[in-house]
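Each remark here refers to the structure printed beneath this line.
The values are calculated or read from the model by the stated rules, or taken from the named source; none is laboratory data. As the structure is a prediction and not an experimental result, all values here were calculated from the model. Cβ: placed from backbone, ideal geometry, glycine included. Neighbour counts: every protein chain shown. Side chains are part of the model used for accessible areas, which takes the heavy atoms of the whole protein and leaves out ligands, DNA and RNA. Shrake-Rupley method; radii C 1.70, N 1.55, O 1.52, S 1.80 Å.
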Amino acid sequence: MKFVLATANKGKISEMREILAARSIEGVSQAEVGLALEVEEIGTTFMENALLKAQAVCAASGLPAIADDSGLMVDALGGEPGVYSSSFGGEALSDSERYAYLLKKMENMEQRDAKFVSTIVCTSPDGEIISAEGECHGEILHAPRGSGGFGYDPVFLVKGTGKSMAELSPEEKNAVSHRGAALRAFVSLLEKRGKYDK
């Protein structure tokens, strides 16, 4: 079974491919089906943004499309950056500049609980929509650790591991991450609906 991954984020593509491949599902990039869509994320929730991306790529490719919208939610910041995680502090910032901005904003805060949230939406050419969610709990470190992953991974200490998300191997990250949890839940929904058989 083949799905187009409705993202241009290379880190997400790699993670989504690996997690889906473990369930014998093929995830292909937009480039592999001749697309280069950049869908404007104008939604106010992870669900709205994921749906916008999945529907646009499905319509353009004629294939089922899977989109992920995810972000970091920090308790002490009232849930920020949330759906605005990729633009937090300014559109032009690099990943390291973005998490440096977060650390600066939190430098005098003792409460550092946070979670990563992922919403997966799949849309099919027949109009069917399947969605699933996943979370990963932890806290914000005072300084970055590790060189793996992307985004806020170096400053997110994963609960129960003693490691930042960026210190985990790809296999370890996929096993505990919000995106891994959401994709596994999505595959379970496919199975229940008879859309996929191992």
>> Could you report the range 91-168's accessible area per residue, 1.4 Å probe, as an integer in Å²?
In response: 50 Å²
>> From the C-alpha coordinates alone, can you work out the Kirkwood hydrodynamic radius of the range 77-178, in Å?
In response: 14.7 Å
> By a straight-distance test (C-alpha under 27 Å), which lysines pair with Lys192 as possible cross-link partners, with residues fewer than eight away in the same chain excluded?
Replying inline: Lys2, Lys12, Lys53, Lys173
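For a protection proxy built on the mean count of beta-carbon atoms within 10 angstrom, sort 134-142, 50-58 highest first, please.
Top of the packing list down: 50-58, 134-142.
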> Hey, what number do you get for the chain at 222 nm if only DSSP H runs of n ≥ 4 count, each worth -39500 (n - 2.57), divided across all residues, to the nearest 500?
Replying inline: -9500 deg cm²/dmol
> Rounded to a whole number, what % of the accessible area of the chain do carbon and sulfur atoms account for, probe 1.4 Å?
Replying inline: 50 percent
> Taking the highest mean first, how do the peptides 65-76, 9-20 order by number of other beta carbon atoms within 10 angstrom per residue?
Replying inline: 65-76, 9-20
> Assigning unit charges at the beta carbon (Lys, Arg +1; Asp, Glu -1) and nothing else, what dipole magnitude in debye, to the nearest 20, does the chain show about its Cα centre?
Replying inline: 460 debye
>> Give the average over all directions of the projected area of the C-alpha convex hull of the range 73-128, one decimal, in nm².
In response: 5.3 nm²
> Based only on the alpha carbon positions, what is the Kirkwood hydrodynamic radius of the range 123-189, in angstrom?
Replying inline: 12.9 Å
> How many nm is it between the label spots at Leu189 and Glu128, if each spot is 7 Å from the Cα in line with the beta carbon?
Replying inline: 1.2 nm
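Could you state the per residue volume, in Å³, of the convex hull enclosing the Cα atoms of the chain?
113 Å³
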> Per the Cauchy relation, a quarter of the hull surface: what is the mean projected area of the convex hull of the alpha carbons in the range 1-89, in nm²?
Replying inline: 6.3 nm²
